[in-house]
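Only one structure is covered here, and it is reproduced in the block below.
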Amino acid sequence: MSSPSMPSRRPGFRLDLPIVIGLVFIVLILAVGTAYTLKTQGTATFLSPNYLVLQLHSGAFLGITAAGMMMVILLGHIDLSVPWTMTSGAMIATAIGGVMGDLAGLALGLAVGLVNGFGVAFLRVPSMIFTLGMNTVLLGLMVMLTGGHAPQSAATDVMVFLGADRTLGVPHSVVLWALVSAALVFVLTRTALGRYMYAIGNQEAAAYLSGVKTRLVIMAAFLMCSLCAVIAGMSLAGYSARAFQAMGDQYLLPSIAAVVLGGTTILGGQGRYSGTVIGVILIVLLQSVLNVMQMEEAYRQIIYGTVIITMLLIYARQRSVAR
């Protein structure tokens, strides 16, 4: 049986406005950071290969998380269970240890994705409410199992290999991010599932009437998001040599921001994965520059929020003109 044909807003090979604006902001951030370090330290730290590799190393965890988040945002949904999916997977893996621990962490990600997908697709509970509840459940389970403390066991060998080790100077976390990215780009651009995700994001009812099994597509998207979150969490634990409470909290809003800044509309149906990568790099570099400048936290948040709001206003203006 041939798959139904339907219109989608999946973009072709073009350099669209969000990517151009993102690249411009990245250049500006690097220029500001370089000027600051030249003035204060006498060196162009932000242009050194070691610094850039370090930023990619630490940013890979956000990149993997944002990759999964993009899958559900394309459908017009959101996954707020990402923080404790990351944390729970890493804590379970380190508590059990060894290969069984790694498998247990991945299994937890599968279970969370399936439950989230079932709740949103079949029970029709709004994704924001259902996944927020799942996040709270995972938090409570981890507190119950650990007594509110991080497991004493160290990260497994696989987690350290993926999160901390390097080969020929290239961090394995960056390679892992590239592999995850390649897999998701293939899904979005070369499979029926990818076409259906864009179609559902544009108009779920129309996709359903065209013969698409929309519930299964939604479940697949939440499954990918949870798996990416667990992979990112376990790799982050390997980078830190241990898992700890609330380790995923700092990745929720940046992952959503990276997806939206990359041009994926929060209402679903439109977005390019390359834009999400640009959004991740922009956020990582912006956070790094603000840290190097040692600004007070209040000023950091003001600048961070201003950059995001400015880019979103430009996008909104461009879309209104396009109409």
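The values are calculated or read from the model by the stated rules, or taken from the named source; none is laboratory data. Given the structure is predicted, the values throughout are model-derived calculations rather than measurements. Ideal geometry is used to build each Cβ from the backbone, glycine not excepted, and the neighbour counts take in all protein chains shown. In case anyone asks, the SASA skips ligands and DNA or RNA and just uses the protein heavy atoms, side chains included. Shrake-Rupley method; radii C 1.70, N 1.55, O 1.52, S 1.80 Å.
Relative contact order, whole percent, for the chain stands at 33, derived from Cα pairs under 8 Å and 6 or more residues apart. With the largest listed first and rounded to whole Å, the semi-axes of the equivalent ellipsoid of the stretch 177-219 from the Cα gyration tensor are 23, 9, 8. If one computes the Cα centroid of the stretch 97-146 and of the stretch 246-306, what distance in Å separates the two points? Each part's Cα centre sits 24 Å from the other's. All distinct Cα pairs of the stretch 158-265 go into the 1/r average, and the inverse of that average, the Kirkwood radius, is 15.8 Å.
Short-range pairs are left out: with C-alpha atoms under 8 Å and at least six residues apart, the relative contact order of the stretch 61-208 is 29 percent. Take every pair of alpha-carbon atoms less than 8 Å apart whose residues are at least six positions apart; their mean separation over the length of the stretch 22-110 yields a relative contact order of 13 percent. Using the 1.4 Å probe convention, the accessible area of the chain works out to 46 Å² per residue with neighbouring protein chains retained.
Counting only protein heavy atoms and a 1.4 Å probe, tell me what percentage of the chain's accessible area is made up of carbon and sulfur.
Working: 10380 of 15010 Å².
Summing carbon and sulfur atoms, their accessible area is 69 percent of the total for the chain.
Of all the options Arg124, Arg242, Arg215, the one that moves most in a Gaussian network model of the chain with Cα springs shorter than 10 angstrom is Arg124. Placing unit charges on each Cβ (+1 for Lys and Arg, -1 for Asp and Glu) gives the chain a dipole about its Cα centre, and among Ala207, Thr189, Ser88 the Cα reaching farthest toward its positive end belongs to Ala207. Among Gly76, Gly117, Gly97, the residue with the largest mean-square fluctuation in a Gaussian network model of the chain, with springs joining Cα atoms closer than 10 Å, is Gly97. Based on the reciprocal of the average 1/r between different C-alpha atoms, the Kirkwood radius for the stretch 138-209 equals 16.1 Å. Only helical runs count toward this figure. For the chain, summing -39,500 (n - 2.57) over DSSP H runs of n ≥ 4 and dividing by all residues gives -24500 deg cm²/dmol at 222 nm. Of the residues Thr310, Thr189, Thr85, the one that moves most in a GNM of the chain with alpha-carbon contacts below 10 Å is Thr310.
Across all Cα pairs in the chain, the calculated P(r) in 20 Å bins from zero up to the longest distance comes to 32, 57, 11, 0 percent per bin. If only the Cβ of Lys and Arg carry +1 and only the Cβ of Asp and Glu carry -1, the dipole of the chain around its Cα centre is close to 980 debye.
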